[in-house]
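Scroll down for the structure; my scribbles are underneath it.
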Amino acid sequence: MAKFDLNDDSVVVIVGSGAGGGTLGNELAQKGVKVVILEAGPRVEIKDFINNEWESFAQLAWTDMRTTSGDWRVAKDFPNLPAWIVKSVGGSTVHWADASLRFDEHEFRVRTTYGELPGANLLDWPITLAEMAPWYAKAEDKMGVTRTNNIPGLPGNNNFKVLEAGARKCGYKEVHTGRMAINSEPRDNRGSCQQIGFCFQGCKSGAKWSTLYTEIPKGEATGNLEVRPNSMALKIEHAPSGKVTGVVYADADGKTQRQKARIVAVAGNSLESPRLLLNSASNMFPDGLANSSGQVGRNYMRHMTGSVYAAFEKSVHMDRGTTMAGIVRDEAVHDPKRSFMGGYEMETLSLGLPFMAAFLNPGGWGRTFTSAMENYPRMAGMWLVGEDMPQETNRVTLDSTIKDKHGMPVASVHYDDHPNDIAMRNHAYKQGAAIYEAVGATAVYPTPPYPSTHNMGTNRMSAKPRDGVVNKFGQTHDIKNLFVSDGSQFTSGAACNPTLTIVALAIRQADTISPARCRRRKSEVRQSGARTPAPANPRMTPRLLRRVHDRHRRRPVEVGHHRDFTRPVDQAGAAQQRGEIFHLAVVIENFVVKLGEEFREADAFLAGDLFQRIPECNFQPDRRAMTADPKRAGLRFVAALRLVREQAAHGVSSGLLYNFSKRYTRPSEATIGHWSVFGRSGIPVRVKKHVKTKSLEHDRARGCASAV
Amino acid sequence: MREVDRRSKHSRRTFLKGAAAAAPVAAIATNIPLSVEDAWAEDATALQPATMKTLVKVARDIYPHDFLVDSYYITAIKPWDDKAAKDPAVKAMLEDGVKRLDQNAQDKHKCSYADVGWESDRVALLLDIEQTAFFKALRSDLVVSLYNQQALWPKFGYEGSSAEHGGYIHRGFNDIDWLPKT
Ligand SMILES: Cc1cc2nc3c(=O)[nH]c(=O)nc-3n(C[C@H](O)[C@H](O)[C@H](O)COP(=O)(O)OP(=O)(O)OC[C@H]3O[C@@H](n4cnc5c(N)ncnc54)[C@H](O)[C@@H]3O)c2cc1C
Ligand code: SF4
C-alpha cells in the first residue's frame, strides 16, 4: 500500500471514496498515476457490517449536522437529515441497493426534448448516449451488472413476485429482476448473492459491488493509491495563478493537514462537493472555487421519489432477500400524454421493521399507523424513482450560522418540489397502487419520500462555461486542474438510479486525466480534423492542453455574461492565463514520466496475457502455502487461478497478478522458455536457463510443457 | 411458506431480560405481565412515579399494539428517567407535559389522563397537544425505542439479522405460494 508525503505535489488528490471517487482512484492507479484519496469517514470492512438497521445507520451514515428549507416533505420530517448517505470508505456504495441502469437517449437532451418549462433550469448535457455507450459498457463489466455481459438476472424474491404478478395484470411489459450490480453467480473474486436482505446495511457476503472492497483494494494493490480514512477535506487551496495546489483537511485527531496536489478531484457526493468548493472561497475567487457561473450548489436534484407499500391477506415477507432486485420500466419513458415530462421507474423495496416504523408515514401515530405496522409480514413494497426538474433555486449553500466540529459551515439544503415532480409522484402513486390492487391488496400506503439517497446536479456539466460548473469531462470550466467526479456533475437526473452513470463518467474522466492516454486522444482529434494542435510538436499535445488553448481562442473573456458582477474580471482573466501556463508545465512534467508508465503498462499487459494463455497444468501451487489436503488445495488453487484470469481479462492489474503469485506459488518454479510467470513481481522475469523445474515433473504438468 | 413463530423461543428469555432493566425482580419472579400499576415506576429517580406511569400509558396510546404487554412500552419509556436526571430541562418538559395532560383530562373527564376509560378519549387529549415539544419529543423517540426492541420483532413477523443464518437463500426468500399464475 502506498504512502505519499504531504509535500508530494505530483499526486492527484481525490476527496471522497464513493462511487465517483473510489472508481476514479482505482482507474488512475491502474494507469500508474499516484493518487491520495481523502475520506471523511472511517474504514468499515465487510466483517464489521451489522444486520441491524439503526446500529448500521450509526456505524455508516453521514449524521453530521445539515440544515434544510423548502416545501419538500423531508424538510419537515427530517429537518437535519436531508440525505441518507454514507460517511465511510466506499461512500454510499456501502449502503446502495445496486440498481444499475443506463440513461435513455433523450435524458441527455432534456432541454431539447422537454422544451422550456417554467421554473425548470433545463439544459442539454454536453454528451450524448452514443458517446457514453462504451463507458457504460466498461462500467457494467466492472460492476458485474446482471443482464449485461451474459450475467444472468437475480432470482426473484417474494416481494418481486408480488410486483411481477400485479404489473403483468396491469399490462406492463418490461418487468424483471433488474440490472443489478450484484453477483448472481461468482465473479470478480466475489461470491453470489445469499439473499441476506440487508443490502442497505452493507452486504455481508460481498456479492454486491461497492468501491470499498472492489475498486479501492485493487487500486491499493498497484502501489499507486493511498486512502486516508477519517480525513475531512476543509478547503482546496490555490496559487496566485488560480491553479489549485492542494487540500487542507482535518485528520483523525482533528489536526489540520495540508496535502499538496497537481490535480484535485472532488467526489464528496452532491451535498458535500459544492460545500467544499464554496468553503474554499478566496480573495481571488470570492464566490467559491469554479463558481464564475454562479451555478455551484444550484440545480440540486434528488429524484422524484416516494414508495407504495401494500398489505395482503396472506404473508409476503418482503424483507427476505435482495432489497431492490425487481423493476417495472414501462413508465420510464417520456410520454407527455401523462401530463408531465420525463418518466419514472418502479423498483421493489423493503425496509426492516425499525425503518418501516420511522419511514412509513413520518410523524404518524395512533391506530391507523399501528394497524399498518401490524401488517408488516403481509406487506409488499416498491420505490418510485423518476426524473425531477433541475431548478436554480434548489440549492446547497453554506449555513450562515451553524458550523461543524472543524469550524466549517454546514451544508444547508433548499428544495421545493416542481409542479412536474408532484404530477409525476401522483401518477406513480396511482400506478403503484393499481399494481398491488390487481393481486388483491387490502390496504395501500402511499409513503412520502425518504431523506435523499440520490443526490445530483450541484456542480452541473455544461457546454458553455456560463451555464454550469464543469465541462463534459468533469473538469471545472474555471480551473483546469480541478475536477468534479461524482453525481454533482449531472446536468439532469434522468428517471433511473444514478450510480452506473457516475461510475461510467469516472472511468471516462480517468482516461482524460491520465497522461498515458494523451497520444490516443491526439490521434482521435487528428482524424476528425476539427482542430489544429497549437504547440509545435503535435506528438506532445495532450488533450487537456489543447482544450485550454481552444477555449482561449474561442472565448475571450466576456464582460457581462457572468451572473456575478462583483467578480474582478480582469484579475481573474489574468490569473486564468497564468493558470494555463502553469498547467502547461504540469502537462510537460506528465509527459516526462509518460514513457516509463507506458513501459510498466506494457509489462503488466504481457503478464496478463501469459496468464490467459498458459495451460493450467503449468502453474504449480506452492505446497507450503496450502493445507495438508493436497486435493483440496489443488482445487482451491485452480479456482483462484481461474478467478485471477477472469480479472486479468477485464483489465490488467499488475498488483493482482503479484498478489496471486505471492500467495499461491513458489518463485521461479515453472518456466516457459526463458520466462517464469511466477516472478515475485507478478510480471514475467527472465530467469536462468537451467533452473530446476521440479514442477514440470509433476504428473499434471506432463504433456503440457510444450503447449505454448 | 415459511412463517415466523410469533411465540419465538427467545421471547420469554428476552422478555425477562428486557423487563429486568425496568422492573424489580419480584415482579418478574411471579411472571405476571407487568402493568402500569406495578412497582417498577417507583424505581424512577428523576421523574415522579406517577409521571412514569402516565408516560407509559401515553406511549401505548401513541403506538397501540394490543398484542404487546406493557413491558415493551416500559422499556421504551424508561430511558427518559435517565435523561431527566441528567438534564433539568428535559425533566421539566416531561413533568409539565404530563401535568398539562392530566389537567386537560380533569377539565374534560374529571379524572387523571391514565384513568380516562376509552382510548379514543385519551387520543383526543393527545391531539390537543400534538404540536407541543413534549409530544413531538416523546413520539419521535418512541418510534425508535419501541420498534427497535429486538424482542418484539417476531411478534410483527420480522426476523432481524439474517447473515449468520446464511441469508434467506435456503430459508424462503421466494416461497410465496398464493399468487395467481401469470
Ligand atoms: C440506501 C441507498 C440506496 C441506494 N441505492 C441505489 C441504487 O440501487 N442504485 C443507484 O444507482 N444508486 C443508489 N444509491 C445512490 C448511490 O449510493 C449514490 O448515487 C452514489 O454512491 C453517489 O456517489 P458519489 O461518489 O457521488 O458519493 P458517495 O458514494 O456518497 O461518496 C462520497 C464520499 O465522500 C466523502 N466525503 C464527503 N465530503 C468529504 C470531505 N469534505 N472530505 C473527505 N471526504 C468527504 C463521504 O464521506 C463519502 O464517503 C443508493 C443510496 C443509498 C443511500
Ligand atoms: S441480499 Fe444479496 S446483495 Fe443484498 S446484502 Fe444480501 S447477499 Fe448482499
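The values are calculated or read from the model by the stated rules, or taken from the named source; none is laboratory data. Owing to the predicted nature of the structure, the values given are computational and were not obtained by experimental measurement. Methodologically, a virtual Cβ is constructed for each residue, glycine included, from the backbone with ideal geometry; neighbour enumeration extends over all protein chains shown.
Some points to look at:
- Residue in the stretch A:266-282 that is away from ligand 2 (no atom under 16 Å from the Cβ), within 14 Å of chain B (Cβ to nearest Cβ) and in contact (Cβ under 8 Å) with a residue 40 or more places away in the chain present: no
- Any hit, the stretch A:260-271, residues being closer than 24 Å to A:Cys496 by Cβ and surrounded by fewer than 24 Cβ atoms within 10 Å (Cβ to Cβ): no
- Residue within the stretch A:140-148 that is away from ligand 1 (no atom under 16 Å from the Cβ) and either touching an Asp or Glu at 6+ places or on another chain (Cβ under 6 Å) or within 14 Å of another protein chain (Cβ to nearest Cβ) (or both) present: no
- If you filter the stretch B:131-155 down to residues that are part of a helix (DSSP H, G or I) and within 18 Å of A:Phe198 (Cα to Cα), you find that the one that is farthest from the other protein chains (Cβ to nearest Cβ) is B:Pro154.
- Qualifying residue in the stretch A:348-371 (condition: crowded, with 20+ Cβ neighbours inside 10 Å and more than 14 Å from chain B (Cβ to nearest Cβ)): yes
- Hey, B:Leu101 buried (at least 20 other Cβ atoms within 10 Å of the Cβ) and under 17 Å from B:Tyr63 (Cα atoms) or not: no
- Residue match in the stretch A:222-231 (condition: among the hydroxyl-bearing types (Ser, Thr, Tyr), over 25 Å from A:His317 (Cα atoms) and within 14 Å of ligand 1 (Cβ to nearest atom)): yes
- Single match in A:Lys472, A:Lys430 (criterion: surrounded by fewer than 22 Cβ atoms within 10 Å (Cβ to Cβ), more than 30 Å from A:Lys173 (Cα to Cα) and at pLDDT 95 or above): A:Lys472
- A residue that is among the charged types (D, E, K, R) and more than 30 Å from A:Ser315 (Cβ to Cβ) cannot be found anywhere in the stretch A:437-459.
- Complete set of residues in the stretch A:85-132 that are β-branched (Val, Ile, Thr) and away from ligand 1 (no atom under 16 Å from the Cβ): A:Val110, A:Thr112, A:Thr113, A:Ile127, A:Thr128
- Restricted to the stretch A:486-506, and to residues there that are in contact with a strand residue (DSSP E or B) (Cβ under 6 Å, 6 or more places away or on another chain) and in a helix (DSSP H, G or I), the residue that is farthest from ligand 2 (Cβ to nearest atom) is A:Gln489.
- For beta carbons closer than 9 Å, sequence separation of 6+ or different chains, a first residue in the stretch A:312-334 that is closer than 10 Å to A:Glu174 by Cβ and within 16 Å of ligand 2 (Cβ to nearest atom) and a second that is modelled with pLDDT of 95 or more and not hydrophobic (A, V, I, L, M, F, W, C), the qualifying pairs are A:Ile327/A:Glu174; A:Ile327/A:His176; A:Ile327/A:Thr177; A:Ile327/A:Gly178; A:Ile327/A:Arg179; A:Ile327/A:Glu345; A:Ile327/A:Glu347; A:Ile327/A:Thr348.
- Failed item in (1) more than 8 Å from chain A (Cβ to nearest Cβ); (2) under 30 Å from B:Tyr73 (Cα atoms); (3) in a loop (DSSP other than H, G, I, E, B), with B:Glu159 passing the rest: (1)
- Restricting A:Gln201, A:Gln195 to those that are within 16 Å of ligand 1 (Cβ to nearest atom), under 21 Å from A:Asn51 (Cβ atoms) and crowded, with 21+ Cβ neighbours inside 10 Å reduces the list to A:Gln201.
- Top-ranked residue in the stretch A:425-435 [being touching a Phe, Trp or Tyr at 6+ places or on another chain (Cβ under 8 Å) and more than 10 Å from A:Ala167 (Cβ to Cβ); ranked as farthest from the other protein chains (Cβ to nearest Cβ)]: A:His427
- When residues of the stretch A:13-39 are limited to those that are of a type in the set (Val, Ile, Thr) and away from ligand 1 (no atom under 13 Å from the Cβ), the one farthest from the other protein chains (Cβ to nearest Cβ): A:Val33
- Applying the condition of being at the interface with chain A (Cβ under 7 Å from one of its Cβ atoms) and more than 31 Å from the chain's Cα centre (by Cα) to the stretch B:162-174 and asking which residue is surrounded by the fewest Cβ atoms within 10 Å (Cβ to Cβ) yields B:Gly166.
- Selection within the stretch A:49-102: residues that are of a type in the set (Asp, Glu) and farther than 26 Å from A:Cys496 by Cα. The member of this set that is farthest from the other protein chains (Cβ to nearest Cβ) is A:Asp64.
- Residue in the stretch A:314-347 that is nearest to A:Ala443 (Cα to Cα), counting only those that are surrounded by 24 or more Cβ atoms within 10 Å (Cβ to Cβ) and of a type in the set (S, T, N, Q): A:Thr323
- Looking only at the stretch A:161-195, residues that are in contact (Cβ under 8 Å) with a residue 60 or more places away in the chain and touching a Cys at 6+ places or on another chain (Cβ under 7 Å) come to 1 in all.
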